[in-house]
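These notes concern the structure reproduced below.
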């Protein structure tokens with residue numbers, strides 16, 4: 001009955017929801033728990049219930065609260081683990097559970113600060129919490145990371161999760177991070193496992209995610225006589241009314257109509273808002289119903305069932321068997337298109353005459369600069385014009401190498417306003433931009449990710465996740481000016497974005513650790529690309545496409561720039577619009 005008596009579990013985001021359920025299950029099995037979160041009141045309320053269970057079981061366990069701790073906050077997390085270390089607390093299980101919905105909107109409309117914040121909580125919070133936890137963990141400790149089923153169906157198959165691009169990017173990377181940690185921590189005897197429980201009954205999914213997704217469908221096309229911006233403003237007022245009493249809903253709609261009338265007839269606007277809220281609720285229920293019908297018994301998991309599965313993963317024998325695995329607890333039969341390919345289909349060499357292609361470059365070494373040279377020469381040889389915007393963080397000798405060959409500027413490509421300004425300049429001076437190519441550069445040589453300091457980790461997430469997202473979003477605004485506020489402008493619009501992601505390591509003696517490190521960041525870009533493309537094609541009805549190219553092979557083979565130029569030819573062709581494959585491992589043959 002008290003299987004975990006004498007053990008201690010730390011659960012992030014444990015004041016409510018799944019985290020609270022996991023803490024409850026641990027305490028019920030005799031463990032002491034450390035619970036933490038941003039809000040003090042839910043933690044105190046949770047602690048009362050946990051202490052009652054401890055008293056009833058007479059287990060001698062304890063509950064410790066750390067309130068005001070945001071997993072994305074470096075000092076708060078570091079301080080918490082330092083406090084535990086100073087008190088000689090040994091933690092046996094770290095459960096990375098904390099999360100947020102993030103912006104639920106088309107990527108083109110997602111505020112970049114919210115994008116980064118979502119990455120910070122889900123991915124960086126998991127990384128930093130796990131690294132700091134090593135201070136208080138001994139051999140036999142276990143790190144369990146809760147991820148999502150909405151990133152991958154099977155190896156190399158991605159699930160798009162429309163309107164959730166930062167969420168899918170961070171979750172995909174979390175899965176791969178759990179794998180990388182298993183490689184890096186094996187000498188410490190610490191086990192790392194990720195689990196994707198699938199759809200779970202929770203207020204977040206019913207009151208936030210589904211309704212926000214439904215309102216985004218309405219925003220994209222407008223509703224009745226409301227333009228997209230008006231739908232967005234109305235939704236902010238109306239969504240909190242869902243689930244309230246009928247009188248509260250009516251009163252809230254009237255207040256919203258009065259507040260947002262702007263000269264319109266309030267009674268007519270009240271009727272429109274009533275119809276809008278009903279439509280949002282209908283769509284949200286339909287999404288929920290459709291998802292449940294992809295499950296054999298048509299039931300989402302309960303939070304208690306998720307907590308039971310997490311504790312099973314903490315079992316010594318099971319954990320040793322599953323170390324380094326991502327457990328697909330997902331029960332949803334969700335047929336997906338492949339999305340991942342190898343070589344791109346061959347097309348006739350396009351004529352780039354009269355067209356310009358912009359490179360944004362965050363090079364790491366000489367081979368990155370030589371790749372730019374190869375691709376830019378390919379474009380110029382076929383009549384196109386090239387502009388190279390080189391990141392300030394690119395080593396000086398590489399900046400000079402590229403600048404000596406092509407029209408170039410040193411640019412802060414982390415800054416969306418500066419990226420936008422330079423794209424506008426290129427469009428004006430060189431002609432209409434056909435494509436934007438972003439080169440992330442290679443992963444720098446790192447002994448272990450888990451030995452990085454916080455600044456070192458954030459440099460990597462900036463380089464391989466936030467900066468590609470910044471460039472991609474500014475490119476979309478370049479292709480469809482004003483499309484952020486009026487997504488109807490995207491219909492039939494054209495443009496191409498190519499992200500050339502980090503190469504796999506080269507050589508015959510490449511280690512599993514080296515591959516796993518690169519896969520953390522590839523794991524972010526795959527679902528991100530898949531999600532954005534589904535929005536661009538299926539939701540916004542545009543002809544804009546974003547591809548991600550991953551050079552190198554799992555066998556350590558040399559990447560070939562010619563394969564990337566062939567991918568570029570395909571991307572700018574009409575053939576790419578009908579392709580379900582949007583991420584290409586161009587050097588692989590399988």
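The values are calculated or read from the model by the stated rules, or taken from the named source; none is laboratory data. Predicted model only: the values in this text are computed from it and were never measured. Here Cβ is always computed from backbone atoms with ideal geometry, including for glycine, and neighbour counts include all displayed protein chains.
When you check residue 83 against the structure, is it within 27 Å of the chain's Cα centre (by Cα), part of a helix (DSSP H, G or I), over 26 Å from residue 197 (Cβ atoms) and in the same structural domain as residue 162 (by TED's automatic domain parsing), yes or no? When the stated conditions are applied, residue 83 does not pass them.
All conditions but one from (1) closer than 25 Å to residue 182 by Cα; (2) over 18 Å from the mean Cα position of the chain (by Cα); (3) part of a loop (DSSP other than H, G, I, E, B) apply to residue 502; the one that does not is (2). Annotation: residue 531 fulfils all but one of (1) in contact with a strand residue (DSSP E or B) (Cβ under 9 Å, 6 or more places away or on another chain); (2) surrounded by fewer than 23 Cβ atoms within 10 Å (Cβ to Cβ); (3) assigned to a helix (DSSP H, G or I); the unmet one is (2). A count restricted to the stretch 102-120 and to residues that are crowded, with 22+ Cβ neighbours inside 10 Å, under 13 Å from the mean Cα position of the chain (by Cα) and not in a loop (DSSP other than H, G, I, E, B) stands at 5. Does residue 24 satisfy the condition of being part of a loop (DSSP other than H, G, I, E, B) and either assigned by TED's automatic domain parsing to the domain that holds residue 471 or over 23 Å from residue 128 (Cα atoms) (or both)? In short, no. Is it true that some residue in the stretch 522-535 is assigned by TED's automatic domain parsing to the domain that holds residue 376 and more than 18 Å from the chain's Cα centre (by Cα)? Scanning the stretch 522-535 turns up no residue that is assigned by TED's automatic domain parsing to the domain that holds residue 376 and more than 18 Å from the chain's Cα centre (by Cα).
For the stretch 86-101, the candidate set comprises residues that are modelled with pLDDT of 95 or more and buried (at least 16 other Cβ atoms within 10 Å of the Cβ); within that set, the residue that is farthest from the chain's Cα centre (by Cα) is 89. Restricting attention to the stretch 540-564, the residues being assigned to a helix (DSSP H, G or I) and crowded, with 18+ Cβ neighbours inside 10 Å number 3. Note on the stretch 429-441: among residues that are buried (at least 22 other Cβ atoms within 10 Å of the Cβ) and assigned to a loop (DSSP other than H, G, I, E, B), the one that is farthest from the chain's Cα centre (by Cα) is 441. Scanning the stretch 279-299 for residues that are closer than 13 Å to residue 206 by Cα and in contact with a strand residue (DSSP E or B) (Cβ under 8 Å, 6 or more places away or on another chain) returns a single hit, 291. With the structure loaded, tell me whether residue 506 is crowded, with 23+ Cβ neighbours inside 10 Å, in the same structural domain as residue 347 (by TED's automatic domain parsing) and modelled with pLDDT of 95 or more or whether it fails that test. Considered against the rule, which asks whether it is crowded, with 23+ Cβ neighbours inside 10 Å, in the same structural domain as residue 347 (by TED's automatic domain parsing) and modelled with pLDDT of 95 or more, residue 506 comes out as no. Here residue 2 clears all of (1) at negative phi; (2) modelled with pLDDT of 95 or more except the condition numbered (2). Scanning the stretch 27-63 for residues that are outside any helix (DSSP H, G or I) and surrounded by 15 or more Cβ atoms within 10 Å (Cβ to Cβ) yields a total of 14. When each of 187, 247 is tested for being exposed (fewer than 14 other Cβ atoms within 10 Å of the Cβ), in the same structural domain as residue 127 (by TED's automatic domain parsing) and out of contact with any strand residue (DSSP E or B) (no Cβ under 8 Å at 6 or more places or on another chain), the lone residue that passes is 187.
Every residue, every condition in (1) under 27 Å from residue 420 (Cβ atoms); (2) assigned by TED's automatic domain parsing to the domain that holds residue 376; (3) at pLDDT 95 or above; (4) not in a helix (DSSP H, G or I), yes or no:
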| residue | (1), (2), (3), (4) |
| --- | --- |
| 467 | yes, yes, yes, no |
| 477 | yes, yes, yes, no |
| 481 | yes, yes, yes, yes |
| 485 | yes, yes, no, yes |
| 488 | yes, yes, yes, no |
| 492 | yes, yes, yes, yes |
| 496 | yes, yes, yes, yes |
| 515 | no, yes, yes, no |
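From the list 215, 192, the one residue that fits, being in a strand (DSSP E or B) and either touching a strand residue (DSSP E or B) at 6+ places or on another chain (Cβ under 7 Å) or buried (at least 24 other Cβ atoms within 10 Å of the Cβ) (or both), is 192.
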